[in-house]
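For reference, the structure discussed in these notes is given below.
Just so it is clear, none of the values below were taken in a lab; they were calculated from the coordinates. Bear in mind that the values here come from a model prediction, so they are computed numbers and not experimental data. Quick reminder, even Gly has a Cβ in these numbers, built from the backbone with ideal geometry, and neighbours come from all protein chains shown.
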Amino acid sequence: MIEDKTMNPADRALQPSEKAPLITADKVNKHFGSFHVIKDVSTAFYQGEVTVIIGASGSGKSTFLRMLNRLETHDTGNIVIDGIELNADLKHIDAVRREVGMVFQSFNLFPHLTVLDNVTLAPRRLRDVTRAQAEVAARELLAKVGLADHAHKYPHQISGGQAQRVAIARALAMQPKVMLFDEPTSALDPEMIKEVLDVMKDLARSGMTMIVVTHEMGFAREVADRVIFFEKGQILEEAPPAEFFSNARNERIRAFVGKIS
Ligand code: ADP
Ligand code: MG
């Protein structure tokens, strides 16, 4: 189990409206050239909340997620993360990147570094820790994702499911306040999907704030506090999973969910 370092479990009982959001997006817009990819999106993400984002391919899910750690810029509107406004100020961008971990579909491990060095690289460069300290922390994280025995291996020596768990450990090594996942299991063979989802479920239960783009509806039903449906760059619906799946108000959402679950 991944221990709870981020919050008191009792906090989960609080209604979101009683807490300050960790992330707010307010009337956010983005264009790629003349293409309006994100249209006036406003929402908030609360500490300890697990949000699943679904929607058709091309609806803007990845772009929206990438804006939350400034891998993409937004044109208008505001994004505030833990009190830091995301804008062109490089200090703000650095500060936000320390707080926001990201896991991609394609792992993005450094092929020339061992599993251990992949996990220690960012803390050694960006946090004030010695190599020895970083390695102790990295081994702990690798144990938590079930990879204690693989620290010395190179990425080509492990499976896709293991590589994705290393990528999760690597993001956690920066002690982020929120973890973003962009279709973390879509590049994996079916037998490896569960081992990655299990690590993500542990993380969710530990109180980590998570925003997860995924089509794994079992994961959404089991651990999400909220499901957001994106369509053509807009939030068409957001609701707790029980409500979302049982009586999606919108016919297009029902059709989409019917296709993927
Ligand atoms: P999703 O993750 O929901 O599949 P994306 O956010 O990746 O959607 O993409 C939304 C739309 O924006 C798509 O039509 C895609 O082709 C377009 N797009 C994404 N990234 C770029 C880019 N860097 N330049 C131009 N168009 C892009
Ligand atoms: Mg995408």
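Counting other C-beta atoms within 10 Å, and keeping those with at most 16, which DSSP coil trypsin sites (Lys or Arg not before Pro) do you find in segment 61-164?
127, 153
Can you work out the FRET efficiency for the pair residue 121 and residue 159, with r the C-beta to C-beta distance and R0 = 22 Å, to the nearest 0.05?
0.55
Run the helix sum for the chain: -39,500 (n - 2.57) per DSSP H stretch of 4+ residues, divided by residue count, reported at 222 nm to the nearest 500 deg cm²/dmol.
-11000 deg cm²/dmol
What is the fewest-to-most order of 35, 244, 104 by other Cβ atoms lying within 10 Å of their Cβ?
Lowest count first: 35, 104, 244.
Give me the net charge for the shell around residue 36: Cβ to Cβ below 10 angstrom, other residues only, Lys and Arg +1, Asp and Glu -1.
It works out to a net charge of +1.
Cα-based count: Lys pairs in the chain below 16 Å, eight or more positions apart or different chains?
Going through the chain pair by pair, I get 15.
Give me 206, 159, 34 ranked fewest to most by other Cβ atoms within 10 Å of their Cβ, as a rough exposure proxy.
The order, fewest Cβ neighbours first, is 34, 159, 206.
Between residue 50 and residues 5 or more places away or on another chain, which pairs have amide H atoms under 5 Å apart, with H built 1.01 Å from N, and which residues are they?
It is 210, 225, 226, by chain and number.
Can you work out the Karplus-derived ³J(HN,Hα) for every residue in segment 192-204? Use 6.51 cos²θ - 1.76 cosθ + 1.60 with θ = phi - 60°, whole Hz, and x for glycine or proline.
9, 5, 4, 5, 6, 4, 5, 5, 5, 5, 4, 5, 4
Whole-Hz ³J(HN,Hα) for each residue in segment 95-106, computed from phi via Karplus 6.51 cos²θ - 1.76 cosθ + 1.60 with θ = phi - 60°, x for glycine and proline: what do you get?
Once θ is set to phi - 60°, the couplings for segment 95-106 become 4, 5, 5, 5, 9, 10, x, 9, 10, 9, 4, 9 Hz.
Cut-off 10 angstrom, C-alpha nodes, Gaussian network model of the chain. Which of 115, 223, 145 fluctuates the most?
Ranking 115, 223, 145 by mean-square fluctuation puts 223 first.
In what order do 208, 174, 200, 102 fall by count of nearby beta-carbon atoms within 10 Å, going from fewest to most?
174, 102, 208, 200
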